[in-house]
1. Please count how many residues of region 94-105 are within 15 Å of A25 (Cβ to Cβ) and buried (at least 18 other Cβ atoms within 10 Å of the Cβ).
2. Taking region 116-126, which residues are in contact (Cβ under 8 Å) with a residue 24 or more places away in the chain, in contact with a helix residue (DSSP H, G or I) (Cβ under 8 Å, 6 or more places away or on another chain) and of a type in the set (G, A, S)?
3. Take the residues in region 64-108 that are aliphatic (A, V, I, L, M) and in a loop (DSSP other than H, G, I, E, B), then tell me which one is farthest from the chain's Cα centre (by Cα).
4. Would you pick out the residues in region 72-111 that are touching a residue at least 12 places away in the same chain (Cβ under 8 Å), in contact with a strand residue (DSSP E or B) (Cβ under 6 Å, 6 or more places away or on another chain) and over 27 Å from V17 (Cα atoms)?
5. Quickly run through region 126-154 and pick out the residues that are surrounded by 20 or more Cβ atoms within 10 Å (Cβ to Cβ), more than 15 Å from T100 (Cα to Cα) and either modelled with pLDDT under 95 or not hydroxyl-bearing (S, T, Y) (or both).
6. Under the condition of being of a type in the set (G, A, S) and surrounded by fewer than 20 Cβ atoms within 10 Å (Cβ to Cβ), which residue from region 46-76 is farthest from R119 (Cα to Cα)?
7. Is it true that some residue in region 106-125 is on the phi > 0 side of the Ramachandran plot and either modelled with pLDDT under 95 or buried (at least 22 other Cβ atoms within 10 Å of the Cβ) (or both)?
8. I want to confirm something. Restricting to region 25-42 and keeping residues that are closer than 14 Å to R130 by Cα and in contact with a Leu (Cβ under 9 Å, 6 or more places away or on another chain), which single residue is surrounded by the fewest Cβ atoms within 10 Å (Cβ to Cβ)?
Amino acid sequence: MSAESFLADAAARGLPVEVIERPAANSLAEAAELLGIQPADIVKSLVVKHKDGSFLFALIPGDRQISWPKLRELIGVNKLSMPSAEVALEATGYERGTITPVGAQGNWPVYADQSIKGRRISMGAGAHGRSAFLNADALIEAYSAIVADISELL
């Protein structure tokens, strides 16, 4: 997948995005500073492997982490895991650090932490050195995301 896949999928879904080029960042705090936003406004798109072998996306604000017990309870399973970088690439078509549901192969379900609602967020745009700005509610609607409390503070 690529930045072009990202833009094509966003356009097909009627999802307005603004993609900017940015220097590489060594941390979430550095990325937020480069973008002129708070770490909580950067949403991490995490690929999660279901025990049945399928995948899902968990959208988590930068200042939070997945709450595994909450996510497992919501989905109704007792086991979820983070796949290796290679497996995540195979499942989505995106490398770690660029992963996003926008343009990803697989059309996996999306679960969004409730704390992103009503905000303008930044997230990966399908390629290193690129970030996308978009409205979280529009993203949630475009992917029929399930919104719930699935995170906890770092």
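The values are calculated or read from the model by the stated rules, or taken from the named source; none is laboratory data. Keep in mind it's a predicted model, so treat the numbers as computed, not measured. Virtual Cβ from ideal backbone geometry, glycine too; neighbours counted across all protein chains shown.
1. Looking only at that region, the number is 1.
2. If the condition is that a residue be in contact (Cβ under 8 Å) with a residue 24 or more places away in the chain, in contact with a helix residue (DSSP H, G or I) (Cβ under 8 Å, 6 or more places away or on another chain) and of a type in the set (G, A, S), then S122, A125, G126 are the ones that fit.
3. V77
4. L74, L80, S81, P83
5. The one that is surrounded by 20 or more Cβ atoms within 10 Å (Cβ to Cβ), more than 15 Å from T100 (Cα to Cα) and either modelled with pLDDT under 95 or not hydroxyl-bearing (S, T, Y) (or both): I150.
6. For region 46-76, the residue satisfying everything is G53.
7. yes
8. A25
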